[in-house]
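The values are calculated or read from the model by the stated rules, or taken from the named source; none is laboratory data. Here the structure is a predicted model, which is why all the values come from computation and not from measurement. Cβ placement follows ideal geometry from the backbone for every residue including glycine, while neighbour counts extend to all protein chains displayed.
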Amino acid sequence: MRRSPGFALAIPAWVWLALFFVAPVGMVVWFSFGYKPGIFGTHANDVLSLDRYAEALSPTFFSTFQNTLWVGIAGTTLCLLIGMPVAYWMAVKVRPERRGILIALVLVPFWTNFLVRTIGWQVLLAPEGWVSTLLQAVGVTQGPLEILYTRTAVLIGVVYNYLPLMILPLFVAFDRVGGPLREASKDLGAGRWTTFFRVTLPLAGPGVVAGVLLVFIPLMGDYITATVLGGAKGNMVGQLVASQFQAAQNWALGSAMAVLLILVITATIAVGAAIVWLILLPIRRRNRLVLGDAPPPSDPPAAAERELQGVGA
Amino acid sequence: MSESRTHVRILASDGAARVIRSELTRRGFLGLAVAAGGAAVLAACSPGGGASPGAQATGGAVEDSLTIYTWGDYDAPELLEEFTSSVGPTITLDSFSSNEELISKLVAAKGTSGYDIVVPTGVFIPQMIENGLLSKLNLDLIPNIEHMDDAYLGRAWDPSNEYSICKAWGTTGFVYDKTVITRELTTWADFLDAAQNEASGKTSVLDDPGDLTGIYFWANGIDWNTDDEAELAACEEYLVTSLAPHLSAFDSYPGGSAIPQGTQVLMQSWNGDARLGILESPDPDRWQWVLGGPDTEIWMDNWAIAAGAPHPEAAHAFINFILAPENALVELDYIGYHTGAKDIEQAAADEGLPMLDFVFFTPEQVETMHEGEVNEAQERRVEIWNATKAAAGA
């Protein structure tokens, strides 16, 4: 164990997390083993069982979860694809004295309440909203805009609401890579894309992971954006949990659903991480740092090192 | 006092806090009610309060503030201001979006919620009384109750208005776009048929388990409070396979945006909300309101005072104030629902308020409106509601 003064720094956070995170989650897990006693009761735990989990694993849960997962993955992917060039541009191309203002601009949406922002999109995308009227007036579309209450609308809202959470960690990560490494890479003969994919991106990897998790996890639990803009097409599993706690007043079943949701999200992230790890395996092999003797010339992955050594010499 | 002491002993014998937290059992709640109403606790949180929940307000001095916990945008702002300027207390408003939310907050606070006035829907009141969440009204302090229509007093959930007085009541019907649906729709069966034809993919239903399953039950002449599993299963089958693929939204307030913005073609809607939406529509003639037939819902929200209310005198003064005939009319104009006041239909007509056919119904129509129940089928209805949502989102 570390010396106590250092440990003391973390005490406020530990206490906070223990009281307001571990304890509530523990209660949810505990409730999930109980049952609903009669119509005016919400939960009781005098008989413990796993029956609520069996009830929660219904076709309704799976089809709702499928929809949630689709929104989660598509939304996160879009945020990553849109956020990465912007973050790179902000961190690398823009003059340093202008970065502050750009970060402030990225954060502007957060100045307004989440729900108000989302409802703003609902007003914009409505068939008789001004976007629709404008597009018809200039002849881009023939009839009214038919975007509201579709998955496209959900994705528009999701990208809008979550993009800052993707851009900020990416910006920090790209910024930390630093110019000298990129220059060194170019000096060694690598082009722009090679430098990006073999130097900048691997070093910014933790930022990418942070951004993806920061967007994906809250998105899986968010049902406001999806229902406001997607209507029936924005059915999310978070609503299912809320409906058990509120409308059905069945806290036991709601808790079991919440625990399942936590487990499934964890599993999804694990599967996602495993897939990324497998995809990157050959690249990592190619990029591995070789200390000592150069590998035998017949080894194909060594081609890159040879190339670099040749240029260096 | 000895009675409270007995109850405190019961509370103690219940032991662990966990048991008290699993409140909704009767015993837990008795303890809770007394915890809220017991002299010591009240003395701590309500300096002017009496010894029991029933005798909180005695007509003494009105406190200087009042907290109202109600549905969103449910009272005319000018009345709230007028109350403060003429009677004195400053008003703090807080809102909930479902009775369950209101109940869970009052339960969690165990009489210390700080709310004075709450506005539960009638069918939830027996549960709230039984669990000690409401305190008795002192009707001597609310003489304006004489302006209420007897038809809206003494309802089944509170036969002698000991705890509650009607705040507003409404019903459920639907609104359709006459430019798309050119035939005349009159019943819930017509609604279901149009949803699967002209209005497919442009239909919304209320985001509420009872109202969603109600469409099927009302259309088929079945009691919408049924707990018969065969009927519930048939309802689920129909909603999931026949109706869900045609739904585009579950929207409890289409009047807020869907009607003014022309998002949907067919919308299940509460009468006051439909009225507001059509009033705000740039093209009101496009929309047709239909009271659902042959049967539909009636719901009634009620003024009530939370147990342990810190400002009981102000709360009584406010309820009395809002029931005055001239104020009832302002309320009706603002929210678009009947407040249950006597002769208000004539007064509203004299005042020239618009679209009163959304607010007032003939006695024959009122005959077809039935109250919902919070009964054993509630969980099953939630299940059907979730299954329909899942099918509509697929």
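Some observations on this one:
- Considering residues of segment A:35-58 that are in a helix (DSSP H, G or I) and either small (Gly, Ala, Ser) or at the interface with chain B (Cβ under 8 Å from one of its Cβ atoms) (or both) only, the residue nearest to residue A:241 (Cα to Cα): A:56
- When residue A:24 is tested against (1) assigned to a helix (DSSP H, G or I); (2) in contact with a helix residue (DSSP H, G or I) (Cβ under 9 Å, 6 or more places away or on another chain), only condition (2) is not met.
- If only residues of segment B:241-271 that are among the β-branched types (Val, Ile, Thr) and more than 9 Å from chain A (Cβ to nearest Cβ) are counted, the one that is farthest from the chain's Cα centre (by Cα) is B:241.
- Top-ranked residue in segment B:374-384 [being at the interface with chain A (Cβ under 7 Å from one of its Cβ atoms) and in contact (Cβ under 8 Å) with a residue 40 or more places away in the chain; ranked as surrounded by the fewest Cβ atoms within 10 Å (Cβ to Cβ)]: B:376
- Scanning segment A:81-105 for residues that are under 29 Å from residue A:223 (Cα atoms) and surrounded by fewer than 18 Cβ atoms within 10 Å (Cβ to Cβ) turns up A:81, A:82, A:85, A:86, A:103, A:104, A:105.
- Within segment A:125-164, being surrounded by fewer than 18 Cβ atoms within 10 Å (Cβ to Cβ) and modelled with pLDDT of 90 or more holds for A:152, A:160.
- Residue in segment B:358-373 that is within 28 Å of residue B:130 (Cα to Cα) and within 14 Å of chain A (Cβ to nearest Cβ) present: yes
- Evaluating residue A:147 against the criteria (1) closer than 30 Å to residue A:240 by Cα; (2) part of a helix (DSSP H, G or I); (3) in contact (Cβ under 8 Å) with a residue 12 or more places away in the chain leaves one unmet condition, (2).
- Of all residues in segment B:138-167, those being outside any loop (DSSP other than H, G, I, E, B), closer than 12 Å to residue B:302 by Cβ and of a type in the set (D, E, K, R) number 1.
- Subset of segment B:186-201 [buried (at least 18 other Cβ atoms within 10 Å of the Cβ), in a loop (DSSP other than H, G, I, E, B) and in contact with a strand residue (DSSP E or B) (Cβ under 6 Å, 6 or more places away or on another chain)]: B:199
- Residue within segment A:210-224 that is of a type outside the set (Gly, Ala, Ser), within 14 Å of chain B (Cβ to nearest Cβ), under 25 Å from the mean Cα position of the chain (by Cα) and under 24 Å from residue A:115 (Cβ atoms) present: yes
- Criterion violated by residue B:164 - all others in (1) under 19 Å from residue B:358 (Cα atoms); (2) in contact with a strand residue (DSSP E or B) (Cβ under 7 Å, 6 or more places away or on another chain) satisfied: (1)
- Within segment A:117-134, the residues that satisfy the criterion of being more than 10 Å from chain B (Cβ to nearest Cβ) and touching a residue at least 24 places away in the same chain (Cβ under 8 Å) are A:117, A:118, A:121.
- Qualifying residue in segment A:77-88 (condition: closer than 30 Å to residue A:156 by Cβ, assigned to a helix (DSSP H, G or I) and within 13 Å of chain B (Cβ to nearest Cβ)): no
- The set of residues in segment B:118-159 being on the phi > 0 side of the Ramachandran plot and within 14 Å of another protein chain (Cβ to nearest Cβ) consists of B:132 alone.
- Filter pass, residue B:241 being assigned to a helix (DSSP H, G or I) and touching a residue at least 60 places away in the same chain (Cβ under 8 Å): yes
- Evaluating residue A:62 against the criteria (1) surrounded by fewer than 14 Cβ atoms within 10 Å (Cβ to Cβ); (2) more than 9 Å from every other protein chain (Cβ to nearest Cβ); (3) among the hydrophobic types (A, V, I, L, M, F, W, C); (4) closer than 22 Å to residue A:247 by Cβ leaves one unmet condition, (2).
- Flag for residue B:219 being closer than 21 Å to residue B:381 by Cα, surrounded by fewer than 23 Cβ atoms within 10 Å (Cβ to Cβ), within 27 Å of the chain's Cα centre (by Cα) and more than 14 Å from every other protein chain (Cβ to nearest Cβ): yes
- Pairs with Cβ under 6 Å, 6+ apart, first in segment A:212-223 and within 14 Å of residue A:263 (Cα to Cα), second among the hydrophobic types (A, V, I, L, M, F, W, C): A:220/A:265
- Of all residues in segment A:231-271 being among the small types (Gly, Ala, Ser) and modelled with pLDDT of 90 or more, the one that is farthest from the chain's Cα centre (by Cα): A:252
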